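What follows is one structure encoded as structure tokens, with my remarks underneath.
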Amino acid sequence: MTHAELAQAAIIAKSNSYSPYSNFQVGAALLAKSGKVYTGCNIESAAYSPTNCAERTALFKAVSEGEREFSAIAVAGSPINGEPDYCFPCGVCRQMLKEFAQDNMEVVIVKAENDYKVLSLGELFPHSFGAGDLEPVFNNGMCRERANGVIYKEPPTTHTGSSLLGGGDAVDCVICALSAHQLIEHRFSV
Ligand SMILES: [Zn+2]
């Protein structure tokens, strides 16, 4: 899936926008690591606050289908009768993307199918709060470093302990990229 293909999917999704109050249409196309693309549009409400953004519509569709890992999202937005321009995700959507994606997730900001900017989620949402800031047991099955978006280029070879297991003198794992289950298994096998 190329950036241009993902951009095109976001532009098509924008045509389904339900935005009679803002008249601002947004479409999103979210690429899961499974290879499947989930699209979404903004959906507004006369009561305003129940309104949902295109990015979260796509994300919620994907998560409700069992997806948990994502590599890219394209976002296209424009006033209903206006010219498209680069449309960046709102703060709420950046926070929700962070919940399921790592800092290296690509965010494709689409003006047209062949005119877009590609940023990382980390660039769009620096110094953010996430699962890694909570107690390890809540880290979504990841060690603290992984939950904070640290990417390991080499497979883990050793680790010094588990930040997942908690407890007074647990040593933070500094190089582990294993899941909680794998880490616990590894610990018991040592
Ligand atoms: Zn949003």
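Rule-based calculations on the coordinates, nothing more; no lab input. The shown structure was predicted, so the numbers you read here are calculated from the model rather than taken from an experiment. All Cβ positions, even for glycine, are placed from backbone atoms using ideal geometry, and neighbour counts span all protein chains on display.
Backbone N atoms of region 45-82 closer than 13 Å to the 7 Å Cα→Cβ label point of residue 33 belong to residues 67-72. Computed over the alpha-carbon pairs of region 3-124, the distance histogram in 5 Å steps reads 2, 13, 24, 26, 20, 10, 4, 0 percent, short to long.
Shown for 129, 100, 70, 60: other C-beta atoms within 10 Å of each C-beta, ranked fewest to most, produce the order 129, 60, 100, 70. One chain, two ends: residue 51 and residue 64. Fully extended at 0.36 nm per residue, the span grows by 2.8 nm beyond their Cα-Cα distance.
Placing unit charges on the Cβ atoms of the charged side chains and taking the dipole of region 3-124 about its Cα centre, the candidate lying farthest along the positive direction among 29, 100, 4 is 100.
Among 51, 2, the ranking by other beta carbons within 10 Å of each residue's beta carbon, starting with the fewest, stands as 2, 51. Counting neighbouring Cβ atoms within 10 Å and putting the fewest first, the residues 11, 73, 80 line up as 80, 11, 73.
In the structure shown, the pairs 14/98; 14/111; 14/61; 33/98; 14/117; 36/61 are assessed against 20 Å; a Cα-Cα span above that value is assigned to 14/98.
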